[in-house]
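To start, the structure itself, in structure tokens.
The values are calculated or read from the model by the stated rules, or taken from the named source; none is laboratory data. Because the structure is a prediction, the values reported are computed rather than measured. Cβ atoms come from the backbone with ideal geometry, glycine included; neighbour counts cover every protein chain shown.
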Amino acid sequence: MDWNKLGFQVVPTKTMYIARTDDELNWQPGEFRPYGMLEIHPASGVVNYGQSGFEGMKANRAVDKKIVLFRPQDNAKRMQQLAERFLMPPYPVDDFVNAIKKLVIENRKFIPPADKGSLYIRPVLAGWGPVLGVAPAKEYMFYAFTSPVGPYFKGGVRPINLLITDFHRAAPRGTGNVKGAGNYAASLYPLRMAKENGYDEVLYLDAREDRFAEEVGAANFFAILKSGLVVTPISESILPGITRRSIITLAKEHFEWEVEERDIDINEVLSEAVECFSTGTAAVVTPIGSVTYRGTRHEFSDGKPGEKTMALRDRLVGIQTKQYDDPYSWVVNVT
Ligand SMILES: Cc1ncc(COP(=O)(O)O)c(C=O)c1O
């Protein structure tokens with residue numbers, strides 16, 4: 001494996017985990033099997049009606065060489081919220097965490113050295129059985145596979161440039177607050193539009209009033225205002241990010257900065273923000289260099305990574321890799 005060539009692509013690994021439900025929709029004991037293809041019915045609920053969703057996690061090598069996960073229980077719980085919204089049987093939290101730990105151990109040869117990336121973990125929950133009319137499937141699959149991925153930034157952290165398009169990601173009381181696969185299908189077109197015009201990502205506004213900042217592609221949004229206040233959207237149509245929650249805690253408790261979770265009008269971002277960043281398992285903490293809204297480009301911190309943004313990033317990554325103390329017990333040893 002050439003660790004220097006890793007990006008964010010599918011790299012086959014050794015083992016995957018699969019569990020299925022029985023006729024009463026009870027989860028059967030899962031099994032580890034060689035990484036490979038899955039067979040699916042042409043009338044399967046996931047393929048026809050998008051009854052599915054996923055999680056995204058990373059296993060890292062900590063500075064003490066141990067293999068660690070970050071808040072895996074939170075991913076398991078978020079998948080239960082998805083299950084509830086999509087009428088799928090929830091996969092038990094303990095079974096989820098134990099399966100992921102064993103999966104990481106099985107695939108440990110694919111964990112890159114600390115400075116070369118992480119082992120990305122993708123748990124999936126899907127309506128597997130056939131169904132013709134629009135209805136929940138009668139059989140479900142929970143599976144998880146891994147793929148080594150490189151660091152999000154090669155050659156140092158680079159601020160990203162965002163475009164606000166005319167598209168929305170999720171409607172109020174829709175499915176934006178769960179990790180349903182269809183949300184991501186809907187984001188492909190606006191993302192292509194942004195990329196074709198030279199931007200890195202899309203900044204979504206809310207669907208009801210088309211003026212409140214919501215999310216940055218598959219990451220949450222934060223702004224630091226001139227007053228020093230840290231703000232992040234609160235909305236029923238954004239994904240409750242685990243990195244988002246961790247950054248709120250660090251900003252409040254470690255740095256003792258004031259944080260507000262509230263509606264943030266895009267005009268407030270453009271006129272008051274001195275730093276902006278996005279957070280996520282893949283993005284970690286990514287500085288935002290500019291936002292282009294209605295044809296005008298607005299830069300933050302002169303297009304450079306903001307100081308407070310980088311301090312938050314350093315603290316989070318330091319905890320995730322055990323360089324710093326973990327007073328919140330967020331980091332879980334796999335071995
Ligand atoms: C739409 C969306 N928002 C936010 C996030 C960030 O969530 P987390 O920090 O749990 O990775 C993700 C990634 O999972 C996402 O897909």
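MET141 is checked against (1) without any contact (Cβ under 8 Å) to a residue 60 or more places away in the chain; (2) aliphatic (A, V, I, L, M); (3) not in a helix (DSSP H, G or I) and fails just one. What number does that condition carry?
(1)
Do we have any residue at all in segment 107-121 that's surrounded by fewer than 16 Cβ atoms within 10 Å (Cβ to Cβ) and at pLDDT 95 or above?
Within segment 107-121, one or more residues are surrounded by fewer than 16 Cβ atoms within 10 Å (Cβ to Cβ) and at pLDDT 95 or above.
Restricted to segment 1-21, and to residues that are among the charged types (D, E, K, R) and modelled with pLDDT of 95 or more, which residue is surrounded by the most Cβ atoms within 10 Å (Cβ to Cβ)? Don't jump to the end; show me each part of the working.
Start the filter on segment 1-21 by keeping residues that are among the charged types (D, E, K, R), which leaves 2, 5, 14, 20.
If we keep only those that are modelled with pLDDT of 95 or more as well, we get 14, 20.
Numbers: LYS14: 14, ARG20: 16.
Checking each candidate, the answer is ARG20.
Might you let me know whether segment 178-185 holds any residue that is away from the ligand (no atom under 16 Å from the Cβ) and either over 25 Å from SER52 (Cβ atoms) or touching a strand residue (DSSP E or B) at 6+ places or on another chain (Cβ under 8 Å) (or both)?
The answer is no; no qualifying residue exists.
Suppose we filter segment 203-220 for residues that are surrounded by 15 or more Cβ atoms within 10 Å (Cβ to Cβ) and either farther than 14 Å from TYR293 by Cβ or without any contact (Cβ under 8 Å) to a residue 60 or more places away in the chain (or both); how many remain?
11
Would you mind listing the strands (runs of 3 or more DSSP E) fully within segment 239-306 where at least 3 residues are crowded, with 16+ Cβ neighbours inside 10 Å and within 16 Å of the ligand (Cβ to nearest atom)?
Hits in segment 239-306: 273-280, 284-293.
Could you list, ordered by first residue, the pairs with Cβ atoms under 8 Å in which the first is in segment 181-202 and among the hydroxyl-bearing types (Ser, Thr, Tyr) and the second is in a helix (DSSP H, G or I) and at pLDDT 95 or above, at least 6 apart or interchain?
From residues that are among the hydroxyl-bearing types (Ser, Thr, Tyr), there are no pairs.
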